[in-house]
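Colleague: Starting off with a structure, shown below.
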Amino acid sequence: MTPEDSQTETGEVLLARFDLLEGTSESTRVKTAETFLELLGARVRNPNTRSAYRVAWRSFLAFCSARRLELESVKAYHVGSWLDQHPGSRSTQRQHLAAVRLLFDSLMMRGVVEYNPAARARPPRLVRESSQTPVFEEAEIVAFLDSISLDSLKDLRDKAIFCVLLYSWCRVSALINLTVADYYERDGTRWLRFQEKRGKEHEVPVHSNAKEAVDLWLERSCLASNPSAPLFPSFGKNRDGGYRIHEFWRHNRDCAADRRTYQSVDHQDL
């Protein structure tokens, strides 16, 4: 498999280069490369799952390469042996086994392998008897939020972020994907529209304390006039082409917010 085989049309590298054993037919190489492109480019859409599956496939392919195992020669006991020496936790092992099962299912559909050996491998048992998530008391939440000073624009944003997190218990990945348009009013109540996994939308009413913090942040940042902007943009360097609050501010010199507040912003992101 060549680097070109593992890239999308936009140049995104989906999987690092790996070598099939000598003697593998060109047809098998092409089908294997197409399998990875289909899985990572079309079937596995969640970026976090995609990243985890990449790690799993690299680990399994390295295991096969070290033992000079062709993919069509892999048996269920090989998959079991790979799991036995897997350094991850039981949850990670179960996730990586699911990734290898998906890989062999796709290879089987393309005729690269005759059956799915990972389907016969038994995942490690995972039993959790108690929750690992700590519970915050109301007094702890109030004390924490009160400890955040409001001396700069970044402080205002950070307090709004923590208010939304603590009063809605949303996922962090859902929070950072919020846009200004996702904070809206309906029947006199403010709501937040979260984009969850598998394309699901989750709408929740905004707590009064969170509403106060978000309203103050939008007023001072002047973001309310830009519905498509991220609700909580970065103050850091724009390494990935994302939205930066600095750029919006510089183009809105008539904003009523205090310019000195912006000048006091610490450029280190949350």
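Colleague: Condition first: among the basic types (Lys, Arg) and without any contact (Cβ under 8 Å) to a residue 24 or more places away in the chain. Now tell me which residues in the range 191-236 satisfy that.
Modeller: Within the range 191-236, Arg193, Lys200, Lys211 qualify.
Colleague: For the range 129-143, indicate whether the set of residues that are in contact (Cβ under 8 Å) with a residue 40 or more places away in the chain and either more than 21 Å from Arg43 (Cα to Cα) or surrounded by 13 or more Cβ atoms within 10 Å (Cβ to Cβ) (or both) is non-empty.
Modeller: Within the range 129-143, none of the residues are in contact (Cβ under 8 Å) with a residue 40 or more places away in the chain and either more than 21 Å from Arg43 (Cα to Cα) or surrounded by 13 or more Cβ atoms within 10 Å (Cβ to Cβ) (or both).
Colleague: Mind counting the residues in the range 162-199 that are assigned to a helix (DSSP H, G or I) and of a type outside the set (Phe, Trp, Tyr)?
Modeller: Taking the range 162-199 first, the residues assigned to a helix (DSSP H, G or I) are 162-168, 172-176, 180-182, 197-199.
Checking which are of a type outside the set (Phe, Trp, Tyr) leaves us with 163-166, 168, 172-176, 180-182, 197-199.
Within the range 162-199, residues that are assigned to a helix (DSSP H, G or I) and of a type outside the set (Phe, Trp, Tyr) number 16.
Colleague: Regarding Lys159, is this residue free of Cβ contacts under 8 Å to residues at least 24 places away in the same chain and either in a helix (DSSP H, G or I) or in the same structural domain as Pro47 (by TED's automatic domain parsing) (or both)?
Modeller: no
Colleague: Inside the range 47-86, can you point out the residues that are more than 15 Å from Ala98 (Cβ to Cβ), crowded, with 16+ Cβ neighbours inside 10 Å and aromatic (Phe, Trp, Tyr)?
Modeller: Scanning the range 47-86 gives a single hit, Phe63.
Colleague: Would it be correct to say that Thr24 is modelled with pLDDT under 90, surrounded by 17 or more Cβ atoms within 10 Å (Cβ to Cβ), more than 30 Å from the chain's Cα centre (by Cα) and within 23 Å of Met109 (Cα to Cα)?
Modeller: Numbers: modelled with pLDDT under 90: yes; surrounded by 17 or more Cβ atoms within 10 Å (Cβ to Cβ): no; more than 30 Å from the chain's Cα centre (by Cα): yes; within 23 Å of Met109 (Cα to Cα): yes.
No: the conditions fail for Thr24.
The values are calculated or read from the model by the stated rules, or taken from the named source; none is laboratory data. It should be emphasised that the depicted structure is a prediction, and the values quoted were computed from it without experimental measurement. Every residue, glycine among them, receives a Cβ derived from its backbone with ideal geometry; neighbour counts consider all protein chains shown.
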